[in-house]
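FYI, it's all coordinate maths here, none of it is from the lab. It should be emphasised that the depicted structure is a prediction, and the values quoted were computed from it without experimental measurement. Glycine gets a Cβ as well: all are built from the backbone with ideal geometry, and neighbour counts include every protein chain shown.
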Amino acid sequence: MRPAADVQLTLGDVALFGLEPDDVTDEYVAWLNDPAVNRYLESRFVRHTPESTRRFVQSVLDSDDSILFGIRYVPCGRHVGNIKLGPIDRHHRRGEIGLLIGDRNVWGRGIAAGAIELAARYAFDSLGLLKVTAGCYAGNVGSRRAFEKAGFVVEAVRRRHFLLDGAPEDAVLLARWSA
């Protein structure tokens, strides 16, 4: 699913753009294969290539229930990560957010929180959703803080839900509702 072509999503130093297969670069693929970047991603279990990554981007574009945005850090003008809205449940008017800030040089600058805020606004204002949810590993403190900074609250903790480096890890489930 593609966002409307005229969508302009910008907040401070963060801008979202509709990600296309042509946006897949060697740098983008390197993020996906970087153990520091993918530590808390389920995609860490496979080796990514430019071709597999382009196929993934195209599969989201072809889906009826997900939107994939690239995240641009305005001061440097570069694509630094992605944020996905989906799956979107139109009947219950809710959607899930997942994100990746792949460029480690821009970590800690509030980019994730800005991207989450923009994606949530898009979900509520453009798609008419009532609730947006997200989940993260308990150890992924940066992700949890970014969601909380963007107005999400912890709804639940699933104890020992994941295995991380062979050890049980809790899942933190977060949500934000439309005004």
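Over the Cα atoms of segment 75-179, the radius of gyration divided by the Kirkwood radius equals 0.99; this is the Rg/Rh ratio. A cut-off of 5 Å between modelled amide H atoms, ignoring neighbours fewer than 5 places along the same chain, links LEU164 with GLU169. The protection proxy used here, the mean number of other Cβ atoms lying within 10 Å of each residue, ranks peptides 167-173, 79-85 as follows, highest first: 79-85, 167-173.
Judged by the gyration tensor of its Cα atoms, with axes a ≥ b ≥ c, segment 109-163 is oblate; a/c meets the 1.5 cut and b/c is at least as large as a/b. The residue list GLY108, ALA36, VAL141 was ranked by how far each Cα lies along the charge dipole of the chain toward its positive end, using unit charges on Cβ atoms, and VAL141 comes out on top. Matching the structure-derived semi-axes √(5λ) of the Cα gyration tensor in Å against the labelled list (1) 40, 21, 12; (2) 24, 18, 15; (3) 22, 21, 16 gives the label (3).
DSSP beta bridges fully contained in the chain are about 90 percent antiparallel. The alpha carbon radius of gyration of segment 47-107, expressed as a multiple of 2.2 N^0.38 Å, is 1.28. The value of relative contact order for the chain, using C-alpha pairs under 8 Å at least six residues apart, is 18 percent. Couplings 3J(HN,Hα) of segment 94-99, computed from phi: 9, x, 10, 10, x, 9 Hz, in residue order, whole Hz [Karplus 6.51 cos²θ - 1.76 cosθ + 1.60, θ = phi - 60°; x for Gly and Pro].
Mean residue ellipticity, 222 nm, helices only, the chain: the sum of -39500 (n - 2.57) across DSSP H runs of n ≥ 4, divided by residue count and rounded to 500, is -7000 deg cm²/dmol. For segment 14-116, averaging the sequence separation of C-alpha pairs within contact (under 8 Å, six or more residues apart) and dividing by the residue count gives a relative contact order of 27 percent. Across segment 115-130, computed HN-Hα scalar couplings (Karplus, 6.51 cos²θ - 1.76 cosθ + 1.60, θ = phi - 60°) run 5, 4, 4, 5, 5, 5, 4, 4, 4, 6, 7, 9, 9, x, 6, 9 Hz from first to last residue, x flagging Gly and Pro. Our summary of shape: the Cα atoms of segment 22-67 have principal axis extents of 31, 21, 14 Å, ordered from largest down, in whole angstrom.
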